[in-house]
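The values are calculated or read from the model by the stated rules, or taken from the named source; none is laboratory data. Source: prediction; values computed, not measured. Here Cβ is always computed from backbone atoms with ideal geometry, including for glycine, and neighbour counts include all displayed protein chains.
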Protein chains: 2
Amino acid sequence: MTAPLFASVAPAPSPSADALAACLDDLRSLLGDRLSTAQVIRDQHGRDESYHTPAAPDAVAFALTTDEVVAIVNTCSRHGVPIIPFGTGTSLEGHIAALHGGVCVDVSGMNAILSVRPADMDVTVQAGVTRKQLNEYLRDTGLFFPIDPGADASLGGMASTRASGTNAVRYGTMRENVLSLTVVLADGRVIRTARRARKSAAGYDLTRLFVGSEGTLGIITEVTVRLYGIPEAVVAAVCPFPDVGAAVNTVIDTIQLGIPVARVEFLDENQMDAVNRFSKLSYAVTPTLFFEFHGSDEAIAAQAETVKELAAAHGGVDFQWTANADERDKLWHARHNAFYAALALKPGSKGISSDTCVPISRLADCVIETKHDLQQSFLKSTMVGHVGDGNFHVLFLVDPDSPQDIAEAKRLNSRLVMRAIEMDGTCTGEHGIGHGKRDYLTHELGDAMDVMRAVKAALDPQNLFNPGKII
Amino acid sequence: MTAPLFASVAPAPSPSADALAACLDDLRSLLGDRLSTAQVIRDQHGRDESYHTPAAPDAVAFALTTDEVVAIVNTCSRHGVPIIPFGTGTSLEGHIAALHGGVCVDVSGMNAILSVRPADMDVTVQAGVTRKQLNEYLRDTGLFFPIDPGADASLGGMASTRASGTNAVRYGTMRENVLSLTVVLADGRVIRTARRARKSAAGYDLTRLFVGSEGTLGIITEVTVRLYGIPEAVVAAVCPFPDVGAAVNTVIDTIQLGIPVARVEFLDENQMDAVNRFSKLSYAVTPTLFFEFHGSDEAIAAQAETVKELAAAHGGVDFQWTANADERDKLWHARHNAFYAALALKPGSKGISSDTCVPISRLADCVIETKHDLQQSFLKSTMVGHVGDGNFHVLFLVDPDSPQDIAEAKRLNSRLVMRAIEMDGTCTGEHGIGHGKRDYLTHELGDAMDVMRAVKAALDPQNLFNPGKII
């Protein structure tokens, strides 16, 4: 047995006050008033949507072009100053916290849709384009971009965190849908990770290497993604179940039959109670599945009827489906507000979200064991899940000023993560690692972390890019 | 502009005769007669199915376990001897040629199917399991593994080359279907690249990094892949077209409408002529599409009828479809024998296959311009394509002893590759780089190659693994 050969990651840069000042002077010459050191701007860029303690950068650089990003990277590199890319700040594991100070590169102004190619069903956008902006723009083309992580995130940010959401069971995640990226490297060079062919066996999969790298290997400035035809028709359905196992087993049967369900979301009884209160609805307060089907009128009616039978076989006898757009919107509106509905259960609370994903055969066990834990805790929580993928979230409702609440949420989450990993699942299905899940990642992947470290050391020898994240 | 920061790849190891002899002695102690230096065995392991000049390794090690692969890697590493992994030897770009000598690690004996999990629709196999062996094993489970590159390749080899084939338009390639890999690293450690969750945002995508790395970053010893339900029904169809553009535009319309066609294969008039002669059939000698649809009886009948209308709109009026298994087999048998049928057009010839893949909007132009080239050449060729993905192959029929034939094939292929790259496509949709397409890869990806080099240098500092491939 030889000793590990791999390089270690450099310590995060720690520029002197003079070096930092010189860096900011250079950036100011470059960007003028698009370099900001205003406290309010800095604070806003050090805080994401998570419970993690914010960490403001020393300055925020508002870039407008790939060339400007190159100049910023070269300047920061010269002065040894960390660089944190920023899209919309909607991350959930402290991804954009400036743990070691440095310059935040805000690409939200890089919001041009560069090229829509209907025949190829793809689009190239600047990294700051948000998914809602893109879909608004696409509306008349008959095409849409399906990935929906809830927040109106930027495509650069979604690529960086390998985002997904409710549609992933049918359309995949950013992993499957990014065709190519333009990336500024640590040495200031700009690469395209791939060309636009749907298939490629052209060497290492650099696109997938940067997707999910959370800004630690380079700065994504352009994203090419796949698009899909807007479905001819959409059917939504809702079905209450006697228990969690019945709901999850209905999902397993649905997936196994190859029914191309577009969404299948699980809400536990606490979450249904919250939804009822928040949206003044009267759903049964019991584990419930929300479905969506996309396709031709005949195809989706057939799909809905099949799932109705599967649900009934598991005791879900009140399966209601509708193709009516207003009713459908009402139904999904309830699901989409689940987060806010949950927070309203405990006024003044913040949500801490778990993000485990397990092989679907273990989903019922994982959910049931977790609910057992939750029931024995003083902390209020709800549960929602993209269960077609085996991914579910416990939303712990914490008083942000209560160390007890936060400690309890962490304790419960830790037990959940260990359970999921034990079941051959992952600590994160879609939120990413940031700095909140680094220990879990090591537990999950063991020595494979050294491969990540070697790649990081190779591509970012100074550890300039988003230091302290993932690795 | 700073200078490139990235490390370069070490030169291929060049062990002394003594070092090599010592290495083989150590391996013989380890493996006994499962280390072979017989010329016939060595020759067989240095030759793939391509036209490239074979290069035999110094020895072949037949490994049976991951632990043995670890021991082989550690031994070769200690003596500075190259290591070339080998599955079935069906690669097409000289992937397994021992360009710098060394030890071929044949994993074909690692052919255990380790765990089938029907509820999760996945399976873990040793790297030497072939796709036909796997599907034979799965037959009674109602599940199948769809990726079909033609050859009965090993799953380790398919992962290594990011293989795909006729089913990729519906089921994706190895990129989309590998969930996790067990890999022996250059320092002898064994990692699993991911757990089995369908979705994950857990750090860098190591699975996708090793998929397509052609044995240059580590040796894959176990593969976990997705499975799919055997479709309730299958319909096959064939339709002749007046010209290439009509055929390709029918495919574009089919994809854009979101029709989940399982296969859509293009054969040009030369290939149809070859098929007729070889299989004693009487298809029209004109550009032709072969289709396959998977699903429920009603769904696929509807799909076939829709595609029939699309084809008719482009002048493909003789669309014939069948759900009859015998007729279907006959039809696809003709397509599957296309390679041998083409070779039979010129007895004694070998085939040199191109592998470009372009965005589908450019497919008709690419095919038409290429056919124009081919028509002006003295060399006989045929064309087949997985056109739903924009991927097609020209099969150049060369006399292997004729330098003129080979030079002409290379000249035509080079023009085709440049054309495809100009159209934002790739030099290889599914065959990979090996040592045959390294120059094209550099042309295609430019500075992105330095990222590949940095990754290679980081994970294989001695350049032990399959030196001379990709990079």
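Remarks
- Selected residue (criterion: surrounded by the most Cβ atoms within 10 Å (Cβ to Cβ)) from residues of region B:49-67 that are at pLDDT below 95 and farther than 15 Å from B:GLY101 by Cβ: B:SER50
- Among (1) part of a loop (DSSP other than H, G, I, E, B); (2) closer than 21 Å to B:ALA197 by Cα, the one test that B:LEU114 misses: (1)
- Just so you know, in region B:276-303 the residues that are touching a residue at least 12 places away in the same chain (Cβ under 8 Å) and within 14 Å of chain A (Cβ to nearest Cβ) include one that is surrounded by the most Cβ atoms within 10 Å (Cβ to Cβ), and it is B:PHE293.
- In region B:45-79, residue nearest to B:ASP152 (Cα to Cα) [restricted to those that are in contact with a Cys (Cβ under 8 Å, 6 or more places away or on another chain), outside any helix (DSSP H, G or I) and not β-branched (Val, Ile, Thr)]: B:GLY46
- When B:ASP106, B:ASP43, B:ASP25 are screened for being over 30 Å from B:PRO149 (Cα atoms) and at pLDDT 95 or above, only B:ASP25 passes.
- Scope region B:72-87; condition farther than 21 Å from B:ALA56 by Cβ and touching a residue at least 60 places away in the same chain (Cβ under 8 Å); matching residues: B:ASN74, B:SER77
- Checklist (1) buried (at least 23 other Cβ atoms within 10 Å of the Cβ); (2) farther than 30 Å from B:GLY142 by Cα; (3) touching a residue at least 60 places away in the same chain (Cβ under 8 Å) applied to B:VAL264, failing item: (2)
- Filtered by the rule that a residue be more than 18 Å from A:VAL264 (Cβ to Cβ) and not acidic (Asp, Glu), region A:146-168 gives A:ALA151, A:ALA153, A:SER154, A:LEU155, A:GLY156, A:GLY157, A:MET158, A:ALA159, A:SER160, A:THR161, A:ARG162, A:ALA163.
- Elements of type strands (runs of 3 or more DSSP E) contained in region B:349-418, each with 2 or more residues being of a type in the set (Phe, Trp, Tyr): B:391-398
- Among the residues here, A:GLY156 qualifies as within 25 Å of A:CYS104 (Cβ to Cβ) and touching a Gly at 6+ places or on another chain (Cβ under 7 Å).
- Which listed residue, of B:ALA97, B:ALA59, B:ALA63, is among the small types (Gly, Ala, Ser) and within 19 Å of B:VAL129 (Cβ to Cβ): B:ALA63
- Taken over region A:429-444, the residue count meeting the criterion of being more than 7 Å from chain B (Cβ to nearest Cβ) and not acidic (Asp, Glu) is 8.
- Residue match in region B:295-302 (condition: in the same structural domain as B:ASP273 (by TED's automatic domain parsing), on the phi > 0 side of the Ramachandran plot and at pLDDT below 95): yes
- Search result, residues across region A:446-471 that are assigned to a helix (DSSP H, G or I) and at the interface with chain B (Cβ under 7 Å from one of its Cβ atoms): A:ALA448, A:VAL451, A:MET452, A:ALA454, A:VAL455, A:ALA457, A:ALA458, A:LEU459
- Wholly enclosed helices (runs of 4 or more DSSP H) of region A:157-269 bearing at least 2 residues facing chain B (nearest Cβ under 8 Å) and in contact with a helix residue (DSSP H, G or I) (Cβ under 9 Å, 6 or more places away or on another chain): A:174-177, A:206-210, A:244-256
- Inside region A:385-432, residues that are in contact with a His (Cβ under 9 Å, 6 or more places away or on another chain) and of a type outside the set (A, V, I, L, M, F, W, C) make up a count of 7.
- One residue stands out in region A:304-350 among those that are aromatic (Phe, Trp, Tyr) and touching a strand residue (DSSP E or B) at 6+ places or on another chain (Cβ under 8 Å): the one that is surrounded by the fewest Cβ atoms within 10 Å (Cβ to Cβ), namely A:TRP332.
- Taken together, the criteria exclude A:GLU93 from residues that are of a type in the set (D, E, K, R), closer than 18 Å to A:LEU30 by Cα and surrounded by 21 or more Cβ atoms within 10 Å (Cβ to Cβ).
- Flag for A:ALA301 being under 29 Å from B:HIS294 (Cα atoms) and either part of a helix (DSSP H, G or I) or touching a strand residue (DSSP E or B) at 6+ places or on another chain (Cβ under 6 Å) (or both): yes
- Residues that are over 25 Å from A:ALA163 (Cβ atoms) and either among the acidic types (Asp, Glu) or touching a Cys at 6+ places or on another chain (Cβ under 7 Å) (or both) within region A:403-456 comprise A:ASP405, A:GLU408, A:GLU422, A:ASP447, A:ASP450, listed in sequence order.
- Residue within region B:425-439 that is surrounded by fewer than 23 Cβ atoms within 10 Å (Cβ to Cβ), of a type in the set (A, V, I, L, M, F, W, C) and within 21 Å of the chain's Cα centre (by Cα) present: no
- Within region A:98-146, the only residue that satisfies the criterion of being away from chain B (no Cβ under 14 Å), in contact (Cβ under 8 Å) with a residue 60 or more places away in the chain and among the acidic types (Asp, Glu) is A:ASP106.
- Residue tally, condition among the aliphatic types (A, V, I, L, M) and either free of Cβ contacts under 8 Å to residues at least 24 places away in the same chain or crowded, with 23+ Cβ neighbours inside 10 Å (or both), over region B:360-378: 3
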